[in-house]
Structures are given as C-alpha cells and as structure tokens.
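Can you keep this structure in mind? I'll have questions shortly.
The values are calculated or read from the model by the stated rules, or taken from the named source; none is laboratory data. None of these values were measured; they are calculated from a predicted model. FYI the Cβ positions are ideal-geometry reconstructions off the backbone, even for glycines, and counts take in every protein chain you see. For accessibility, only protein heavy atoms count, side chains too; no ligands or nucleic acids. Shrake-Rupley method; radii C 1.70, N 1.55, O 1.52, S 1.80 Å.
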Amino acid sequence: MLVHEDFLALRFPADAHETGRVRHQLREWLQGGGVTGDEAEDLVLAVSEAVNNSIEHAYPGPVRGTIEVHASAVHDGGITVDVVDHGRWRVPPPALTTRGRGLLLMRESVDDVEIHRSANGTTVRLHRARTPSPTTADAAPDCHVHAYETSSGVVAVVRGDAPASAGPSLRRSLITAARGGAVPLTVDLTGLGAHREGVAHALAEVASALAAAGNRLTVVPEGIS
C-alpha cells in the first residue's frame, strides 16, 4: 500500500475477502483529503463494485491473480480511481454484456465510468467531481428532477435552471431515474430555465448508459440541450 495526500495505491489478491479492507482504506484516504458524506460513499460503492467485477470475471475458477486500486485527486478538485486487473475476462452473451448490476451501480454513483480492456488486463476508471459549496454569488439554483414510471419506461421532468455546476448532479439524477440505464428514459425539458449549460453533457452521458444497456433516451422537446 502506498498512501499520499494526493494519491493512494493498493495492490491485493483477487479475493472477495479483500473487498472490505479496500473499502476501509479508500474511505480513510478520502476523509483525509476532505471528501466525506455522499461523495465519499458513492466513490467507495463504485470502487467496491469494480473490484468485485474483477474478482468474478478476470480470474474465474481456480485462477488466482492480483488487483490494483489507484486513487488520485485531480485538477478539478474531483477524484479519479483506476481499478486494474491483469486477467482475462470471460465474455458473457452479447445481450448481457452491459446489464450487470455492478456496472449500473457504478454509473449511478460517479460521474464518468470508462472501461479499457486489452490482452494485459482490464482497467476501470471512475471519476467523481466535487460538488461546489453554495455561495451567495451563485447566479441560479440547481434544477430539480421529478421522475415517474409509465408503461413504456420512466419520465424525468426537469424544472428550473441547470448551470454548468449542476451538470454532475443532473446526470446522476437521470441515471438513477433510468435505473442505471436498465429502463428507457424520457427527459422532459419543457420546464428548463434560462441557465442550461449543464444539460448537454448530462444528456450525452445518460444516452450512452442507456444505449449500452440496449435502451433509448428521448428528449422533449427535441433539440433542446
């Protein structure tokens, strides 16, 4: 284990009994860097799911290997964590490749999930931005999302302003409404305010998560971003 104020490096056997220790060490490092509350717990959950996926898929059966977790503070004040294995993932049937609950939980918990596979192993990169502290200088309040189920999926109604600072929160709310991408989602933006800088990236990320699970994002009215 290598610990520094700006980074954490762990290497451990690919064994389910190690996951609790990894969560504890990551949580301690995050708290030492001032990352607490929901932000810390979301990261710990996402990393735990990524580690569990590596244990299950990279080293199946009697195969034994190692997993690495590299966490670092980045320039935007957020946290990036790489979960690295050196095994060969079993490839499930195409219809199931992105429907695992672990991947859905990761997408619900952090802002970006990237998966890089090669002959040398797999790296899952997780990024969670920090939520800005509210100040009196804020130009507009964050938007509000109301979601409800229909016979054809979920509708998420977005109301209010969505400045750039609201983008990560909006993305997480929409991903959660879509069950991580497991159900089709319609986003109703007719109540969106004048500040909408945070909408485009959020919608792009949600569309990607839905497409990966074989579902579709519908935006009302069309063309708004």
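Pull out the extension gain between residue 15 and residue 164, defined as 0.36 nm times the separation in residues minus the alpha carbon to alpha carbon distance; nm, one decimal.
Numbers: separation 149, 0.36 × 149 = 53.64 nm, distance 4.05 nm.
Separation in residues times 0.36 nm, less the Cα-Cα distance, equals 49.6 nm.
Could you sort the peptides 114-120, 191-197, 170-176 by per-residue average Cβ neighbour count (10 Å cutoff), highest mean leading?
170-176, 191-197, 114-120
Taking H placed 1.01 Å from N in the peptide plane, check which residues at least 5 places from residue 186 or on another chain put their amide H under 5 Å from its amide H.
154, 155, 156, 218
Send over a whole-number figure in Å² for the accessible area per residue of segment 14-61, probe 1.4 Å. All intermediate terms of the calculation are to be shown ahead of the outcome.
Working: 2100 Å² over 48 residues.
Accessible surface, normalised per residue, equals 44 Å².
Further question on the same structure: Given the peptides 216-222, 52-58, arrange them by the average over their residues of other C-beta atoms within 10 Å, most packed first.
Details: 216-222: 13.3, 52-58: 19.9.
Highest mean packing first, the order is 52-58, 216-222.
Follow-up. Residue 15 accessible area, nearest 10 Å², 1.4 Å probe?
Surface open to solvent at residue 15 totals about 60 Å².
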